[in-house]
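Participant: There's a structure below that I have some questions on.
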Amino acid sequence: MKLELKNLSYTYSGGTTFARQAVDDVSAVIREGSITGIIGHTGSGKSTLVQMMNGLLTPSSGEVLLDGVNIFSDKKTLRDARFKVGLVFQYPEYQLFEETVAKDIGFGPKNQKLSPEEIATRTLEAADFVGLDRELLGKSPFDLSGGQKRRVAIAGVMAMRPPILILDEPASGLDPVGREEIFGGLCRYRDQTGATVVIVSHSMEDMARYAEDILVMSDSRLLLSGSRDEIFKNADLLCSVGLDVPEVTHLISELRRRGYDLPDNIYTVEGAEAALRALKAKLQREGATGC
Amino acid sequence: MPFIETKNLSFTYTDEDDPQPVLHEVSLSFEKGEFVAILGRNGSGKSTFAKLLNLVLEATDGTITIDGKSVHAELSEAEIIDLRKKVGMVFQNPDNQLVATVVEEDVAFGPENLGIEPAEIRRRVDEALEIVGMTDYARHAPHKLSGGQKQRIAIAGVIAMLPDCILFDESTAMLDPRGRAEVMETVEKLNREQGITVLLITHNMDEAVRADRVVVIDDGRVQMDGTPREVFAKVDELFALGLAVPQATELAARLELSGVPLTPVEGADAVENWFNT
Amino acid sequence: MLKDITLGQYFPGNSLLHKLDPRMKLILTLLYIVTIFFANNLITVAILTLAAFLLVPLGQIPMKTVLKSLKPLRWIILFTTVLNLFWVKDGKQLVDFYFIDIYSGGIVYAASMALRVTALLAGTTLLISYTTSPIALTDGLEQMLSPLKKIKVPVHEFAMMMTIALRFIPTLIEETDKIMSAQKARGADFETGSLLSRAKALIPIFIPLFVSAIRRADDLATAMECRCYHGGTGRTRMNRLHYSLRDLFALLCFLLFMAGIIALRWAPLPAFLGI
């Protein structure tokens, strides 16, 4: 399913404060079946942007097109959009409420008015996506560890099998293993259902590892958008708006400054290793002929 | 004599049906003025360790000595308060540790509990806000501040009690990169300029690198203890414990470079050396 | 959205009203309420309402905000007005249309009732919630009620509870908003269906909210303990309250104003304005 944003703007009129433009004229196309990252620091408008993508917030102007249809065109389309675009908020574990994990995961499918059999299948399937032990399904969600709770909450939205799944900071506060488990689950969901996954984050390292396309938000506007390679070429611009490029990118740019001929789109340790080995081999060849 | 010393410290959560051991015979000592990072996965027992040091929990076994005073069950309220004053705590969730509806009133909360003279409280509050760089926000409402600002207020509230040591229990985990940078800058400043002993509990490697010493806890046991360079040299062991290392360190390990670079610049130096051999 | 609720929120500032001692503001508010009930004709009620709105610039609060805070009460005001309009059968009959009878007394009574409610709300919110920090207010209450400590009333504990409640109301409101959005994103429907099904739809909001409130309470208790909180004994305060000349002046002005209003009870006013 194709998701397209056309000149989206949102102004908060907020009771006591002055009107504030949270999103300003953003247009973008989210590629079907991609893992797309939306990055920006707190207050850059990224959270407001994703809440418009599934119709929780109504834009002040502009359109959100799902396969070419504006989701705000009528009430029914809007309600359908909620099911087509699944949204997982930050710290989703705070929304768990059912007696058992299985029931909690099944809450969304139940609201979709699916049959009990279908709900059961979806629940198992979603638990598998996020790598949740099936033995946990009968437990109370409140007895789980933090990382497990997070995965239950994400499974709760996956069980609705949205063609587009959006997550706001899905891994925040988790340790490296916990992060891996979450992102692994998201990749599995995309690979097995062909859905589009949109990840909102302020961690450039996670973006570098998992996002194929990236939108960069800054000061309510879309600063950059494109493939991961294209985005990471702009390391200096990213730093200037307060985003942190991965350490390894800093390391490579330091070497480039020192005159080494290295590519400008390295953002993972694996990539850096390969590039440095290649350069070392090249330097050795040149050294050999030079003598 | 170390400022804080624990000997064979153990703790077991007493849940009726299944008692869960969280800490096993942890023996550690921290000198005055040290900046120590305590590294471990979620659920490794590092937060329990913090709660024991602040007398929120009581050890199942083993001893704790703080500034020469030993911690035991028969301490009077005055003695407990005196110990808590020495070791301040800053917690993870910035929202759940601010008591008052005005920033400066919140900072004053600790000294007020200690029964300090109003004029002296005023002086301490102003100074604490100055140290964390929040003087301009003295009359603001905490719930309208950013996460990083709230944490700095929480830090000011602890500094105003003039502690010798501050324990940060994953105080940056819920913050964005900007908030994290603000808090880390404050933490370093407290250690370098105010001479406050800092125990920083975290699972973030970039923060641990900035400490003088890193202690790795896993499964309730001390697994490693040394300078950041000594600890991060053990890349494979850390990965096995479910932790990460700085990217420069990981890259150097993959390329089998000599030395343990911790920062991008050190990494670049190591790579350059490697090119020249 | 829930965030728009401004009733009972403090606006930091440095105006004359902000600077008054909270205890004085409490006293003045009590006196103001008493005066409202003393006012027995449309003119005095109108003066009282006007006086409340004169406090707006004095407290440096934007007029828009004050009017907005009154908005949720428009139905109550409308209801009492309509009720009085049709039920009071004093004075001259002005309308006689089938079952609708409107008397002049009804109009006067309805108008003054609407003004009274407005004056009551505008005056108290301005004097108390908008210009007094909740902590100053609780301090004021605590000090005013501290003689009760002698008869073992836990005044400090009540004040502390109030402070914490005030501190966490905005946080919990924000949280409710967030949980509602999250459950809506999972297809929960709070707007349609029978009363029972709508009540049931609230479970996914209340349980997480409750769980979170307990967790916050637990965290806060630990944090307070770590900051050496051990009840009210031996505790000092950074800001001690003391009355200044300003407070005395405010009291004198108000007493004069009150005397004037009460005097108007006996003023030779046109009878039809009486209520």
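Throughout, read-outs are computed from the coordinates displayed, never taken from laboratory work. Just so it is clear, the structure is predicted and the values come from calculations on it, not from any experiment. For neighbour counting, all protein chains shown are included, and Cβ atoms are generated from backbone atoms with ideal geometry for every residue, glycine included.
Participant: Per residue of chain A, what 222 nm ellipticity follows from adding -39500 (n - 2.57) for every DSSP H run with n ≥ 4, rounded to the nearest 500?
Facilitator: -12500 deg cm²/dmol
Participant: Which peptide among C:82-91, C:175-184 comes first, and what is the full order, when sorted by highest mean count of other Cβ atoms within 10 Å?
Facilitator: Order by mean packing, descending: C:175-184, C:82-91.
Participant: Cβ neighbours within 10 Å, averaged per peptide: list C:192-202, C:44-54 in order, most packed at the top.
Facilitator: C:44-54, C:192-202
Participant: With each pseudo-label sitting 7 Å past Cα toward Cβ, what's the B:Glu58-B:Asp236 distance in nm, one decimal?
Facilitator: Reported label-point gap for B:Glu58 and B:Asp236 is 4.6 nm.
Participant: Could you work out how far apart the two model spin labels at A:Ala278 and A:Leu237 are, taking each label as a point 7 Å from the Cα in the direction of the beta carbon, and quote it in nm?
Facilitator: With each label placed 7 Å out from Cα toward Cβ, I get 2.4 nm.
Participant: Still on this structure: To the nearest whole number, what is the average tally of beta carbon atoms from other chains within 10 Å of the beta carbons of peptide C:229-240?
Facilitator: 6
Participant: Can I ask one more? For peptide A:269-276, compute the average count of partner chain beta-carbon atoms within 10 Å of each residue's beta-carbon.
Facilitator: Taking all residues of A:269-276 together, the mean is 4.
Participant: Additional query: Per the Cauchy relation, a quarter of the hull surface: what is the mean projected area of the convex hull of the alpha carbons in chain C, in nm²?
Facilitator: 20.9
Participant: Can you list the lysines whose alpha carbon is less than 19 Å from that of C:Lys68, not counting same-chain residues fewer than 8 positions off?
Facilitator: The reachable lysines, counting only those whose Cα sits under 19 Å from C:Lys68, are C:Lys3.
Participant: Rounded to the nearest 5, what % of DSSP beta bridges with both residues in the protein assembly as shown are antiparallel?
Facilitator: Bridges in the protein assembly as shown are about 55 percent antiparallel.
Participant: Moving on to the next point. For A:94-101, what's the mean count of beta carbons from other chains sitting within 10 Å of each residue's beta carbon?
Facilitator: 5
Participant: Given a Förster distance of 45 Å, report the FRET efficiency between C:Met161 and C:Ala267 from their Cβ-Cβ distance, rounded to the nearest 0.05.
Facilitator: With a Förster radius of 45 Å, E is 0.45.
Participant: Kindly identify chain A as rounded, prolate or oblate by the Cα gyration tensor criterion: order the square roots of the eigenvalues as a ≥ b ≥ c, call it rounded if a/c is under 1.5, otherwise compare a/b with b/c, prolate if a/b is larger, else oblate.
Facilitator: oblate
Participant: List, in the order given, every pair from B:Lys150/B:Lys234; B:Lys85/B:Lys150; A:Lys6/A:Lys84; A:Lys46/A:Lys110 whose Cα-Cα distance in the structure shown is over 25 Å.
Facilitator: Going by Cα-Cα distance, B:Lys150/B:Lys234; A:Lys46/A:Lys110 fall outside the 25 Å limit.
Participant: Compute and list, largest first, the equivalent-ellipsoid semi-axes of segment A:82-227 from the alpha carbon gyration tensor, each √(5λ) rounded to a whole angstrom.
Facilitator: 26, 17, 13
Participant: Please arrange C:Leu145, C:Leu17 by counting, for each residue, the other beta carbons lying within 10 Å of its beta carbon, fewest first.
Facilitator: C:Leu145, C:Leu17
Participant: Let me check I have the definition right: for the protein assembly as shown, take the eigenvalues of the Cα gyration tensor, multiply each by 5, take square roots. What are those semi-axes in whole Å, largest first?
Facilitator: Semi-axes (√(5λ), whole Å): 54, 37, 26.
Participant: Counting pairwise Cα distances across segment B:4-244, what percent come out greater than 23 angstrom?
Facilitator: Counting every Cα pair in segment B:4-244, those more than 23 Å apart make up 50 percent.
Participant: Under 14 Å Cα to Cα from C:Lys71, which aspartates and glutamates show up? Leave out anything in the same chain fewer than 8 places away.
Facilitator: Straight-line reach from C:Lys71, under 14 Å: C:Asp4.
Participant: With 10 angstrom as the radius, rank B:Lys85, B:Lys7 by how many other C-beta atoms surround their C-beta, starting from the fewest.
Facilitator: Taking fewest neighbouring Cβ atoms as first place, the list is B:Lys7, B:Lys85.
Participant: Evaluate E = 1/(1 + (r/R0)^6) for C:Leu256 and C:Lys149, where r is the Cβ-Cβ distance and R0 equals 45 Å; express this FRET efficiency to the nearest 0.05.
Facilitator: After rounding, the FRET efficiency stands at 0.85.
Participant: How large is the direction-averaged shadow of the alpha-carbon convex hull of segment B:96-147, in nm²?
Facilitator: One quarter of the hull surface, i.e. the mean projection, equals 3.6 nm².
Participant: Using a 7 Å offset from Cα along Cα-Cβ at C:Asp90, what residues in segment C:14-49 end up with backbone N under 20 Å from the label point?
Facilitator: Within reach of a label on C:Asp90: C:34-49.
Participant: Let me ask another. Let's test the formula: R0 of 25 Å, r as the Cβ-Cβ distance of A:Asp128 and A:Glu99. What FRET efficiency results, to the nearest 0.05?
Facilitator: 0.70
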